[in-house]
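Inspection log for the structure reproduced underneath, given as structure tokens.
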Amino acid sequence: MSAFPADTSLAALTRKTLVAPRMKVLYTPTTKVASTTIKWMLAEAEGTLDLTVIPRLMAAITNRSQTIHNRHVSGLAKLSDYSDREARAMLESADWLHVAALRDPVARAYSAWENRIFMRASGRVAGGFELTPDVLVDGRIDMTGSFAVFAKALAEHTDAFMLDHHFTPQSHVVRTDAVRYDLLVRVDQPGGVDSIAAQFRARSGTNVQPRRHNESMGVDLGRVCNRDTANRLMATYAMDYEAFGFARREFAESLEPYVLSDAETQLVTLVRQSVERVGSVSRAAQSKMSARYGLRQIRKSFMRKLTFGRMYSTPRSMHW
Amino acid sequence: MAPDADPLRVVAGLALVAPRIKVMYLPTPKAACTTIKSVLAAAEGSHRPEMAERLAVMHVSQAQTIHHPRVHGLPRLDDLSKREQHEVLHSPDWLRVASVRDPISRAYSAWENRIFLRAHRRTTKLAELAHDVLTDGKVDLTASFANFAKVLGDDADPFMADHHFQPQSLLVRPDLVNYSLLVRVDQAGEIDSFARIVSERSGKQIVASRLNEGLGVKVERVCDAHTANRLMATYEMDYETFGFTRRSWPAIVEPYLLGDMESRLVTHYRSLFARSISVSRESQRRVGARYGFGQMRRGFWRLLRREHDPYDPREVQP
């Protein structure tokens, strides 16, 4: 059985591929594989980056650096925006550089868990976080235990996680079975991201450099992932090992639990509460885009004038 | 407070009333006001937590949305007629409540929340004035809090626009309001006893739930005698007005250095809050007739083009 999905239609192969026409670069981003860094570089080198849009975004993006994933900020079109003929021409032309990146599946799974589940960044994991509760030791979070619970839940309820592309196998995105990649780098190996930057510099004449966005908690994978957990993840992502020939890393048979301090646990709680609130604010903000809302605003403005500013006198009251 | 403002009018603008259970509450920020508002709104039956989902205003958590009038549902004293206001302020049937707290604990709590965690859109300038202090390249909570106490002591004015830093005596105004109850929130059982009184008046079983939204660092761990003395001087009027005991503080406190992960989490929290303020601001810009006309025009075009999908959340509108 193939390590890649059966669907080899152009749409399936290039759904996420971004196009930088000036540089003649195609980039197929894989989440949790330095895609934020690479997109920033690509948009900067292509000259399409628009930072003025950032304050106007209403999506629940939890960090400024993550706004690059918005098409208005990056200014990069998708390959699917082009006709099939144009897309095929780009994919097959020797003038175009097709770039993609890969990462050790266990490290990627840890990064996805830490970001999407542990820190609650907005995602689409079915069943919320019930499948992956924190493991607590005296009221403090045990990262080792919590990550192990996730690995088990992922293995047992894989479909629930696969709605979120952060958890989908890399072989579902990087389709070496059907598409030619001119530059396929391992971002967790020295010089991986730098080699992409060098290509972007050469093609754009700019001096783009990779920047670390440093949004993780800074925990070493070997400190929280034991052999049992790693084996579960390797089994879940077996197709990635098969498709890309990743080496199966060795992990310690048993680990001392990595237990957060009281202050760290409290900070994680605060972050989660704020993420939850940002989601609400974003949803509320997005509801202010409709003809009905517009009509209410007109009525309120009229009433405000009629009452000499007594009614709806603050932006808070204008919002309803 | 504007120098020419009528002080009673200012109090009336801040005080909340629960007409059904006849309680007036003057909220003091960082003196359990979130808990007390929640208790009061639950007892009065005016609490509408579901409204939080419709608010495009950033609060640090869903629990904090209780501060929004649409969520707590309690009118302000100012919203009542003059006759009603007089009754609230003078009738023995009404319970007039305020809460107070040891000024140093309160100053620490305000600093931690508003300045250190940047948990409010208006405190960016204050955070620049009372910046982080690093020791050996790590954020030092003890030194950062000491720096805040110094900056506040040297020039309190920039901070006083924020109620969280105002002396409690200026907010509570016991010289103007004849309070039936002053809740000392840092003394054991005081909030619970307030909840019991409110339960009796409402006929409901109300329990005060503790909201743990700080870093969990005790003020004693980061405040030395020098810092405490500065704060006692800044909040001198609170000691005079409410007779707070001047606590003893150690001459020297070991630096409280944040670990690598703690620093990352604090940075993440600050970025998250900055981003959410941006969303909230953008949302608040979307008011007024002109915006309304724009939305109607867009709606009309969508109708003409038979677009039925909801607006894409990624969409950026002019």
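The table below lists the values:
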{"read-out": "Rough spin-label spacing in nm, given labels placed 7 Å along Cα→Cβ, for B:ALA289 and A:ASP262", "value": "5.8"}
{"read-out": "Theoretical ellipticity at 222 nm over chain B - DSSP helices of four or more residues, -39500 (n - 2.57) apiece, nearest 500", "value": "-13500 deg cm²/dmol"}
{"read-out": "Highest-fluctuation residue, B:ASP186, B:ASP175, B:ASP132 considered, GNM on chain B with Cα pairs under 10 Å", "value": "B:ASP175"}
{"read-out": "Accessible area buried, both sides summed, chains B and A with 1.4 Å probe, Å²", "value": "5400"}
{"read-out": "Taking chain A and dividing mean pair separation by its residue count, relative contact order in percent (alpha carbons under 8 Å, at least six apart)", "value": "24"}
{"read-out": "Per-residue average of Cβ from other chains inside 10 Å of A:61-68", "value": "4"}
{"read-out": "In sequence order, calculated HN-Hα J values of the stretch A:92-107 (Karplus, 6.51, -1.76, 1.60; Hz; x Gly/Pro)", "value": "9, 6, 6, 6, 8, 9, 9, 10, 8, 9, 10, 8, 3, x, 5, 4"}
{"read-out": "Approximate spin-label separation A:ARG249-A:LEU184, in nm, with each point projected 7 Å along Cα-to-Cβ", "value": "2.1"}
{"read-out": "Estimated dipole of the stretch B:182-269 in Debye, rounded to 20 [Cβ of Lys and Arg +1, of Asp and Glu -1, Cα centre]", "value": "280"}
{"read-out": "For B:LEU215, net neighbour charge (Lys/Arg +1, Asp/Glu -1) across residues whose Cβ lies under 12 Å away", "value": "-3"}
{"read-out": "Theoretical FRET efficiency, 1/(1+(r/R0)^6), r = Cβ-Cβ of B:SER91 and B:HIS67, R0 41 Å, to 0.05", "value": "0.95"}
{"read-out": "Karplus-derived 3J(HN,Hα), 6.51/-1.76/1.60, for each residue of the stretch B:255-271, Hz, glycine and proline x", "value": "x, 9, 8, 6, x, 4, 5, 4, 4, 4, 5, 5, 4, 4, 4, 4, 4"}
{"read-out": "For A:297-305, mean number of other protein chain Cβ atoms within 10 Å", "value": "4"}
{"read-out": "Estimated inter-spin distance, A:PHE302 and B:ASN178, nm [label 7 Å along Cα→Cβ]", "value": "4.9"}
{"read-out": "Rounded accessible area per residue of the stretch A:26-167, 1.4 Å, Å²", "value": "38"}
{"read-out": "Candidates B:LEU176, B:LEU26, B:LEU304: whichever shows maximal mean-square fluctuation once chain B is modelled as a Gaussian network with Cα springs under 10 Å", "value": "B:LEU304"}
{"read-out": "Rounded accessible area of A:HIS172 (nearest 10 Å², 1.4 Å probe)", "value": "80"}
{"read-out": "Antiparallel bridges, percent of DSSP beta bridges restricted to chain A (to nearest 5)", "value": "50"}
{"read-out": "Amide N proximity, the stretch A:28-55 versus A:ASN207 label position 7 Å along Cα-to-Cβ, cut-off under 18 Å", "value": "A:41-42, A:44-47"}
{"read-out": "For the protein assembly as shown, the Rg and Dmax computed from alpha carbons only, in angstrom", "value": "28.1, 88"}
{"read-out": "Computed FRET value (nearest 0.05) for A:ASP95 with B:HIS131, which takes r as the C-beta separation and R₀ as 41 Å", "value": "0.20"}
{"read-out": "Carbon + sulfur, % of accessible area of the protein assembly as shown - ligands and nucleic acids excluded, 1.4 Å", "value": "51"}
{"read-out": "Estimated 222 nm signal from helices in chain A, with DSSP H stretches of n ≥ 4 weighted -39500 (n - 2.57), rounded to 500", "value": "-12500 deg cm²/dmol"}
{"read-out": "Peptide-level mean, for B:49-61, of C-beta atoms on other protein chains within 10 Å", "value": "5"}
{"read-out": "Shape category assigned to chain A from the gyration tensor of Cα positions, a/c cut at 1.5", "value": "oblate"}
{"read-out": "Net dipole in debye of the stretch A:1-155 [+1 Lys, Arg Cβ; -1 Asp, Glu Cβ; about Cα centre; nearest 20]", "value": "180"}
{"read-out": "GluC sites (Glu not before Pro) lying in DSSP loop within the stretch A:219-256, provided at most 10 other Cβ fall within 10 Å", "value": "A:GLU250, A:GLU253"}
{"read-out": "Tensor-based shape of the stretch B:236-285 (alpha-carbon gyration tensor, a/c under 1.5 rounded, otherwise prolate or oblate)", "value": "oblate"}
{"read-out": "Residue among A:LEU26, A:LEU163, A:LEU42 with the largest mean-square fluctuation in a Gaussian network model of chain A, springs linking Cα atoms under 10 Å", "value": "A:LEU163"}
{"read-out": "Surface accessible to a 1.4 Å probe, per residue, for the residues of chain B, Å²", "value": "47"}
{"read-out": "Potential lengthening between A:GLU86 and A:LEU163 on full extension [0.36 nm per residue; Cα-Cα distance subtracted]", "value": "24.8 nm"}
{"read-out": "Among the listed pairs A:LYS39/A:LYS78; A:LYS300/B:LYS125; A:LYS300/B:LYS37; B:LYS138/B:LYS218; B:LYS30/B:LYS125; B:LYS125/B:LYS150, those beyond 24 Å (Cα-Cα)", "value": "A:LYS300/B:LYS125; A:LYS300/B:LYS37"}
{"read-out": "Shape category assigned to chain B from the gyration tensor of Cα positions, a/c cut at 1.5", "value": "oblate"}
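The values are calculated or read from the model by the stated rules, or taken from the named source; none is laboratory data. Please read these numbers as outputs of a predicted model, since none were measured by experiment. We place every Cβ from the backbone using ideal geometry, glycine too, and count neighbours over all the protein chains shown. Side chains are part of the model used for accessible areas, which takes the heavy atoms of the whole protein and leaves out ligands, DNA and RNA. Shrake-Rupley method; radii C 1.70, N 1.55, O 1.52, S 1.80 Å.
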